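Everything on this sheet refers to the single structure shown next.
The values are calculated or read from the model by the stated rules, or taken from the named source; none is laboratory data. Here the structure is a predicted model, which means the values were calculated and not measured. Note: ideal-geometry Cβ built from the backbone for every residue, glycine included; neighbour counts use all protein chains shown. Note: accessible area is taken over every heavy atom of the protein model, side chains too, but ligands, DNA and RNA are not part of it. Shrake-Rupley method; radii C 1.70, N 1.55, O 1.52, S 1.80 Å.
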Amino acid sequence: MARQNQIIVGLDIGTSKIACIVAEAGPDGRLDIVGIGTHPSHGLRRGVVVNIESTIESIRLAVEEAELMADVDIKKVYVGIAGSHIRGYNSHGVVATKSGEVTEEDVTRVIEAAKAMNIPADQKILHIIPQEYIIDRQDGIREPVGMCGVRLETRVHVITGAVSSAQNIIKSCNRCDLDVSDIVLEQIASSEAVLSQDEKDIGVLLVDIGGGTTDLAVFIDGAIRHTSVIPVGGDHLTNDLVAGLRTSAREADILKKKFGSCMSSMIRPEETVEVPRVGGRPSQSMPRQVMAQLLEPRMQELFELVREELDRSGYRELVAAGVVLTGGSSLLEGAQELADEIFELPVRIGRPQNIGGLVGVVNSPIFSTGVGLIQYGYRYRADKSLRMDESGGGSFFASIKRWFGGGE
Ligand SMILES: Nc1ncnc2c1ncn2[C@@H]1O[C@H](COP(=O)(O)OP(=O)(O)OP(=O)(O)O)[C@@H](O)[C@H]1O
Ligand SMILES: [Mg+2]
């Protein structure tokens, strides 16, 4: 198909939904959203594929819907990876330059040196993100090539993930006849979509609150400094309502989205909600405040865990631009206000930015990862064509070696 060359597709395999977003890249570098398909996801737990068959089915349906809408044949996708198996480390490398002037080759060598660290056998490197270069003790350099100096150092953020999790993602896509151009850490993708360059330069904490996990990323001086995953998300809020209201998970999720709040102080005492009951019993009217009192402690606990993680990272004093919340659960009423109170920093809700086309359909924190995957793919043009053959053998490992060895 003629348009295929300029088409970039992001596939967000989330715990709650699979979203396939299609964009067309214009000659001026503009990305226009031309299609989207979403389908509920049932094969993941806490961000990790646990049921391949049901994941494949959901991917297939989401991709078909996006193909119809965009009128394209999707062959390649950028996919996200998340889960508690993800680890982030800061590392450091040093080399002597060969000619007294930094070359591309010196930069490759210094990144290789920073990569030389002990990684558990079941983990592999997903990303190596340079934070800064230091030439003859002059730090804060972003573009070292061409500069004079004999000693080149770099500080990098290294992200590793479980090989098996990556394999299951690639396998699920391949079974849907999709090639994986690259696997991207979900909060890196989301940050492409919702953070401005200014925020990354000044210092910012991104908090992507999905269904199964909450993914964090800290940016300071334009580079990623810290990443982590908290295994708590919107599904926990829904479960709290199931237990507290004695209703089904489906009804609880609908009630949470329509009437939920995590700031009970913002709700007038006379506001009531009709709660459907299980087993054909009549629905029951109850104060909205009671529902908020069920959600508030969980959201508070989640933000406190995020704050502890920020303290542990050592960057609390440096995130001067504050906190950006994204992911579906950032839509819960009162999330921004509660986060304001707990972080004592400016808080905003992040939605996908810097895109054209069908902006209205992706203008939600739910689509931050999916849109960000497209922006990441376009920016780095990292088409590594990861494939796993039917036997699950040889060629996959060859490509995974290239992928893991390939840096960002
Ligand atoms: N308006 C809303 N108010 C409150 N919660 C909402 C709202 N809309 C969606 N959610 C919740 O957001 C969650 C889904 O968010 P999202 O689509 O970002 O998750 P995901 O990417 O599928 O999951 P994960 O990133 O954890 O794998 C669900 O728990 C859902 O109930
Ligand atoms: Mg998500």
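Assorted remarks:
- Check on H42, within 16 Å of ligand 1 (Cβ to nearest atom), more than 30 Å from L152 (Cα to Cα) and either open to solvent by 70 Å² or more (accessible area, probe 1.4 Å) or aromatic (F, W, Y) (or both): yes
- Those residues of segment 16-39 which are surrounded by 24 or more Cβ atoms within 10 Å (Cβ to Cβ) and touching a Lys or Arg at 6+ places or on another chain (Cβ under 9 Å), in sequence order: none
- Candidates in segment 1-15 are the residues that are part of a helix (DSSP H, G or I) and in contact (Cβ under 8 Å) with a residue 40 or more places away in the chain; of these, the one that is least open to solvent (accessible area, probe 1.4 Å) is Q4.
- Those residues of segment 208-227 which are more than 12 Å from ligand 2 (Cβ to nearest atom), under 15 Å from the mean Cα position of the chain (by Cα) and open to solvent by less than 20 Å² (accessible area, probe 1.4 Å), in sequence order: L216, A217, V218, F219, I224, T227
- Apart from one condition, H39 fits all of (1) more than 19 Å from the chain's Cα centre (by Cα); (2) outside any loop (DSSP other than H, G, I, E, B); the exception is (1).
- Tallying residues that are surrounded by fewer than 23 Cβ atoms within 10 Å (Cβ to Cβ) and near ligand 1 (Cβ under 7 Å from one of its atoms) within segment 228-238 yields 1.
- Answer from S181, S190, S164 - the residue that is open to solvent by less than 10 Å² (accessible area, probe 1.4 Å) and assigned to a helix (DSSP H, G or I): S190
- Sub-8 Å Cβ pairs linking a first residue in segment 207-226 that is in a strand (DSSP E or B) to a second residue that is near ligand 2 (Cβ under 8 Å from one of its atoms) and at pLDDT below 95, at least 6 apart or interchain, are D215/G47; D215/A82, ordered by first then second residue.
- Residues located in segment 239-265, provided they are within 16 Å of G334 (Cα to Cα) and either surrounded by fewer than 14 Cβ atoms within 10 Å (Cβ to Cβ) or not hydrophobic (A, V, I, L, M, F, W, C) (or both): K256, K257, K258, G260, S261, S264, S265
- Segment 193-206: number of residues that are open to solvent by less than 40 Å² (accessible area, probe 1.4 Å) and in a helix (DSSP H, G or I): 4
- Candidates T326, T272, T247 - the one that is touching a Gly at 6+ places or on another chain (Cβ under 9 Å) and among the polar types (S, T, N, Q): T326
- Where S264 falls short, out of the listed (1) closer than 30 Å to G43 by Cβ; (2) touching a helix residue (DSSP H, G or I) at 6+ places or on another chain (Cβ under 6 Å); (3) of a type in the set (S, T, N, Q): (1)
- Residues of segment 310-353 that turn out to be under 18 Å from the mean Cα position of the chain (by Cα) and either of a type in the set (A, V, I, L, M) or open to solvent by 60 Å² or more (accessible area, probe 1.4 Å) (or both), as a count: 9
Condition check ((1) within 29 Å of P130 (Cβ to Cβ); (2) of a type in the set (D, E, K, R); (3) away from ligand 2 (no atom under 16 Å from the Cβ)) across all residues:
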site	(1), (2), (3)
V229	yes, no, no
T247	no, no, yes
E274	no, yes, yes
L331	no, no, no
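- The residues listed here are R281, R307; of these, the one that is modelled with pLDDT of 95 or more, over 17 Å from the mean Cα position of the chain (by Cα) and either open to solvent by 10 Å² or more (accessible area, probe 1.4 Å) or not assigned by TED's automatic domain parsing to the domain that holds Y133 (or both) is R307.
- All positions within segment 315-338 that are touching a Lys or Arg at 6+ places or on another chain (Cβ under 9 Å), of a type outside the set (S, T, Y) and away from ligand 1 (no atom under 16 Å from the Cβ): R316, L318, A321, G322, V323
- Of the residues making up segment 47-59, not a single one is more than 30 Å from I86 (Cα to Cα) and away from ligand 1 (no atom under 14 Å from the Cβ).
- Residue in segment 18-36 that is in contact with a helix residue (DSSP H, G or I) (Cβ under 7 Å, 6 or more places away or on another chain) and either in a loop (DSSP other than H, G, I, E, B) or more than 21 Å from Q375 (Cβ to Cβ) (or both) present: no
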